[in-house]
């Protein structure tokens, strides 16, 4: 046993879980898939005194399609999204993103909500949430509230979730058929966290870009919406040159830090390489 | 199968006898031994400073703590070579006064469970006053550098090995060369990273006073000698067992300070003690390797003949001296074997081992040879380009073709097939087809490359070869307790039921030796391999031997097994001839029976065996009432050889390298079990790919290792591995009585150079050559960006 001592509870309902959490919110952590929390506990980088395992809570996973939005419950496993039959550009993006999350055993266990609540800037789901201006619903004994992505992701491993709150669902906009979506990431090995990842959603109507969204991972503490890349494309006729110009704009806009996997210049180069690949995927028929 | 035909097991791809149990999860590893015992658990308090003085170690009273002061009567580990340039240092079991690398063990906490031990570790406070540290070989040898150990250095500071060879004709040959080609190559620090990290379980038997250590080892007998020497106990007071071992790759042949401490504490407390190493500890403290830089100059004639080779070889060996092979292992191997398969006329080399405030090095699969081959193969490609000669032609011109060949460092290379493996590999690779594809890809803005790597792998070397590392000056005196590994001894016995046991001093840990030795023995005895039980890795049950390392077991333990089984077979023929009439030479041993060739008369081996023990009055020649033979083999060594060819595509935008094809033409002599040989090549190539592209232990500028998890240190997975095509040649050398040559390290030795040459070939339009490994995407992309910027500037100027 490598983690420091902790107490473990496994509530049978959301209300029970929120009650458990409210008892000692600052020393408790919610356990869903454990994809990141358990390794952090084993390294003793996280030392929660109580784990509240939400895996027995009923009706806590699944995708619901509405008229203008798609709602994903927090405990939906990565694999369920990889296998999702959701049609259209959003379904494409979710499937293409899910398959890049870790390895198959991880995808059977790790969850969509857990990944977003963990707030790793290279995580596929944080990028997708940022890209599409997702709305995160959190609940506590105090009630329920909804937080837009622009306010949700605050700093590295830090979100707007209060310590007595549990993320319960995430709402994504349904994208019409004019949208093309894509993700491209670069990792040293299959299944590793990306060094840099690029996601894009572009609405092209009659050859002109009507909406452009670009979110980049691995270049800042939280997912980076590239205003420069987006404004470069918006209103312009779609072309390969436009894609390269957008990538160049994004590369110049980001201010990445350096680590053993690459310095800032390398990460800028990866933005240059990956955004066209994400967009190339996005505009290919 | 025809009953009258002797069955031949050698050469058959028999499934490994070891695998069914391991694949079902029935393997027995040290942690399994510990989990079945209500033993105490320990964790090690380790230094967080690369260099410093321990001011105090404190813990709450309820924490059971051992420090160096508690290790009464314990001697440090000392491994020495008898050479004038060798400087010895001691390794205390726990840091006494000074710490010399981050991760060095300082104290031990003991608790009832692993979890409680982990918690107790948090409560120990060590106050260390930082001292100046040396973090690179260049820093370490600079005049006035801080000394890692306060001992006398005859040459530069911190230089513990400084070997030199200068052949008499070197200067003349170098002066008359048409072209001097100068390169520098290097490899980052690596970890052998066995899946099973280190582990030890020491049991104390109060009735006998004996200790039994289960540990994950390659050299159980040597480990027992080492621990007994440190603790000042008789070797018989300690039994050492290596149960199933989850990978060794060299990292488990070196005596661990932690294993010594665990046995000491178990004896001091008269309790059973377990230690299961974490991955983080394994990275910090369980041996590094191959942080080397070679400056190499090749003196060529205009036609591409390499007439002289100069090398200045530098190995950063870390803070302490590994036992038993010493920190001379990397520099001395590099010095002796740099020329490899090439007919280097004259040779001048200086090879240094330099201590630094980093984790000590120890052997890792291939030791220095991956870097040696990188140096020679990059040299050949660069020389070919500079001289305008085809890269295959320049190799053919210089490969050794006549055997035995005496190298300028004094090695004798036995029968091998350097030319034939190169030609076999290039034919498989279809170089002209590749050239067409490469040209088409370049026109398309894509970068394809092909790289060749030829090497000789010294394998199966016994005492005579290892003794050459020393230059004895006090032979016969007891001042230098040198250790010279080499021989292997086996005891082969047939029991009264006709069952066969083979007790070996070698210590297999994944090589399938229990299968291959059984195959060899059964060819002599006319039995099925399942009838032979190989007993290994238990000092109470096996003869003293050196273990499994240096691609030696099949050659040396195999040779000893062959000798013993020939003796047993001959004894069975003598016994059978007594029953059946005729001469022993008229008897064949087939399928469990002794059969007289001319009459067809037969007797079961089990009858001969039972009567030998139970009716000794029937023994014809007053021989012993036993069927037991020893075999000893101690060869000078044999050289396997191979040619690797890698094809890659480099993504110029990301710097990523995709290995699209990998070929191996290997000559390991006679293949006892081709499936096991292929498995060795696959695993070896994977570790070569790791060296070339992925794995790197990184210290920051404070001397702290930052790659301490598998998120930072990146062994390739199966997804990163290319399919490997293998062609076998089988040159039979008189230097190995089984005909087999070692093949345990070849994959790791040849692959890095092939990949480096392939990337360099791919990027040759940009003028980029890869000389330092690993060639990470970041480094490759940075080189490409620089080249593109250069081109852009040149275009701007033009």
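Translational diffusion of region B:99-196, estimated by Stokes-Einstein from the Kirkwood radius over alpha carbon pairs at 4 °C in a medium of 1.567 mPa s, is 67 µm² per second. Taken over region B:397-506, the alpha-carbon convex hull comes to 266 cubic angstrom per residue. According to the Kirkwood relation over distinct C-alpha pairs, the hydrodynamic radius of region A:41-96 is 13.6 Å. Each part reduced to its alpha carbon centroid, region B:252-287 and region B:655-672 end up 37 Å apart. Under 1.5 on a/c is rounded, so check that first for region B:35-113, then, if it is not, pick prolate when a/b is larger than b/c and oblate when it is not; a ≥ b ≥ c are the square roots of the alpha carbon gyration tensor eigenvalues. Verdict is prolate for region B:35-113.
Computed log10 I(q)/I(0) for chain B at 0.05, 0.08, 0.10 Å⁻¹: -0.28, -0.71, -1.07, from the Debye equation with unit scatterers placed on every C-alpha and solvent omitted.
State the three equivalent ellipsoid semi-axes of region B:290-344, derived from the C-alpha gyration tensor as the square roots of 5 times its eigenvalues, in descending order and whole Å. Each step should come with its number before you reach the end.
Values: eigenvalues 168, 26, 7 Å².
Gyration-tensor ellipsoid for region B:290-344: 29, 11, 6 Å.
Based on Cα coordinates alone, diagonalise the gyration tensor for chain A, multiply each eigenvalue by 5, take square roots, and list the semi-axes in whole Å, largest first.
Here the semi-axes work out to 33, 21, 16 Å.
Rounding to the nearest 10 and keeping the result within 0 to 90°, find how far the Cα-based axis of helix A:14-23 lies from the longest principal axis of chain A. Result, in degrees: 70. Once the mean of 1/r is taken over each pair of separate Cα atoms and inverted, region A:158-209 shows a Kirkwood hydrodynamic radius of 14.7 Å.
With the helix formula -39500 (n - 2.57) applied to DSSP H stretches of n ≥ 4, chain B reaches a computed 222 nm mean residue ellipticity of -9000 deg cm²/dmol. On the principal axes of its alpha-carbon atoms, region B:360-428 has extents of 42, 28, 28 Å, going from largest to smallest. Our Cα-only numbers for region B:332-467 put the radius of gyration and Dmax at 17.8, 56 Å.
Working note: 222 nm ellipticity from helices only, DSSP H runs with n ≥ 4, each -39,500 (n - 2.57), summed and divided by the residues of chain A, gives -9500 deg cm²/dmol to the nearest 500. How big is D, in µm² s⁻¹, for region B:645-731 by Stokes-Einstein at 37 °C and 0.692 mPa s if Rh is the Kirkwood radius over C-alpha pairs? Once the numbers are plugged in, D ends up at 217 µm²/s.
Residue B:156 to residue B:386: FRET efficiency via 1/(1 + (r/R0)^6), r the Cβ-Cβ distance, R0 30 Å, to the nearest 0.05?
On the way: r = 33 Å, r/R0 = 1.09.
Computed FRET efficiency for residue B:156 and residue B:386: 0.35.
Over all directions, average the projected area of the Cα convex hull of region B:711-798 and note it in nm².
Working: hull surface 38.4 nm².
About 9.6 nm², averaged over all directions.
Largest first, the three principal axis extents of the alpha carbons in region B:126-269 are 74, 39, 30 Å in whole numbers. From largest to smallest, the equivalent ellipsoid semi-axes obtained for region A:121-274 from the alpha-carbon gyration tensor read 27, 21, 12 Å. Taking other Cβ atoms within 10 Å as a rough exposure proxy, B:179, B:397 sort from fewest to most as B:179, B:397. Between helix A:264-283 and chain A there is an angle of about 80 degrees, using the helix long axis and the longest principal axis of the Cα atoms.
Against the longest alpha carbon principal axis of chain A, how many degrees, from 0 to 90 and to the nearest 10, is the axis of helix A:88-98 turned? Orientation of helix A:88-98: about 60 degrees from the principal axis.
When the expected Rg is taken as 2.2 N^0.38 Å, what fraction or multiple of it is the alpha-carbon Rg of region B:1-144?
On the way: Rg = 24.2 Å, N = 144, 2.2 N^0.38 = 14.5 Å.
Ratio of Cα Rg to 2.2 N^0.38 Å: 1.66.
Give me log10 I(q)/I(0) at q = 0.22, 0.24 Å⁻¹ for region B:530-641, Debye formula, one equal scatterer per alpha-carbon, no solvent. Evaluating at q = 0.22, 0.24 Å⁻¹ gives log10 I(q)/I(0) of -1.18, -1.30.
Both numbers refer to the Cα atoms of region A:1-128; Rg and Dmax are 15.5, 48 Å. Across the alpha-carbon set of region A:84-176, the Rg to Rh ratio works out to 0.97, Rh being the Kirkwood radius.
All C-alpha to C-alpha distances of region B:520-566, sorted into 10 Å bins beginning at zero, yield P(r) values of 23, 52, 24, 0 percent in whole numbers.
Where does region B:459-581 land on Rg/Rh, using Cα atoms and the Kirkwood Rh?
Working: Rg = 17.2 Å, Rh = 15.8 Å.
Ratio value, two decimals: 1.08.
Extent along the principal axes, Cα only, for region B:269-406: 71, 30, 24 Å, with the longest axis given first. From the Kirkwood radius over Cα pairs of region B:361-401, Stokes-Einstein at 37 °C and 0.692 mPa s returns a whole-number translational diffusion coefficient of 286 µm²/s. Dividing the Cα radius of gyration of region B:482-531 by its Kirkwood radius returns 1.05 for Rg/Rh. Reported to the nearest whole Å, the Cα centre-to-centre distance from region B:570-609 to region B:724-798 is 57.
Taking a quarter of the surface of the convex hull around the Cα atoms of the protein assembly as shown, what do you get in nm²?
On the way: hull surface 201.2 nm².
Projected over every direction and averaged, the Cα hull of the protein assembly as shown covers 50.3 nm².
Relative intensity of region A:65-138 on a log10 scale, I(q)/I(0) at q = 0.11, 0.17, 0.19 Å⁻¹, equals -0.23, -0.58, -0.74, per a Debye sum over C-alpha point scatterers of equal strength in the absence of solvent. A straight line joining the Cα centroids of region B:202-219 and region B:26-58 runs 17 Å.
Coordinate-derived values only; no laboratory data. As the structure is a prediction and not an experimental result, all values here were calculated from the model. Virtual Cβ from ideal backbone geometry, glycine too; neighbours counted across all protein chains shown.
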